[in-house]
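Input: a single structure, listed below in structure tokens.
The values are calculated or read from the model by the stated rules, or taken from the named source; none is laboratory data. None of these values were measured; they are calculated from a predicted model. Reconstructed Cβ throughout: ideal geometry from the backbone, glycine too, with neighbour counts over all protein chains shown.
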Amino acid sequence: MRDADALENNPEITRSALEAIHSQVFGWALSRCDYDRAAAEDIMQQAYVELLSGNALFRKKSTLKTFVFSVVQNLARSRYRRLATRLRLVRDQAANVDDSFVPEEPDRNADVWLAVKHLPARQRDVIELVFCRELTIEEAASVMGVTTGTGRVHYDRAKKALRRTLGSLADDMK
């Protein structure tokens, strides 16, 4: 007999399990959308449509959290790939496109997040997934679409870069 809480087109997922991870997934969506709340809400809505319709089928090859983070990651990549293509077309047509938008920073230690912001994209992603979204390095690598070994390398390099950057800031404050 099927769990009454399970999704009709995705029987391995329960509504209560999705509700339990919603805030963490929304935080990831915000990050993927440069903290644009409306865009993150759109991505979340698309993700839930994919899950409810069964287009994104959970087969228990990872944890539910990792799977849903990956769905959000892929939808955000697709969205921004389309936006980048449109922006290139607009730039070809008009030289005066204003793309000086600066995303709003999260309310956290400014020095740390400034240092994280200046990391290469994959290092920044793995740090956020591990420290803010509480995924393991293996789960973070899965979300990022890289091997566990590559995820570990990015994680290690990010920590070393942050240690250097924050260490030099501490030395400057002395």
Take the residues in segment 134-147 that are in contact (Cβ under 8 Å) with a residue 60 or more places away in the chain and over 9 Å from the mean Cα position of the chain (by Cα); name whichever of them is nearest to Ser23 (Cα to Cα). Glu134
Which residues, taken from segment 10-37, are polar (S, T, N, Q) and surrounded by 13 or more Cβ atoms within 10 Å (Cβ to Cβ)? Asn10, Thr14, Gln24, Ser31
Among the residues of segment 126-135, is any within 19 Å of Arg77 (Cα to Cα) and exposed (fewer than 14 other Cβ atoms within 10 Å of the Cβ)? no
Of (1) under 21 Å from His22 (Cα atoms); (2) surrounded by 12 or more Cβ atoms within 10 Å (Cβ to Cβ); (3) at pLDDT below 75, Asp107 satisfies every one except (2)
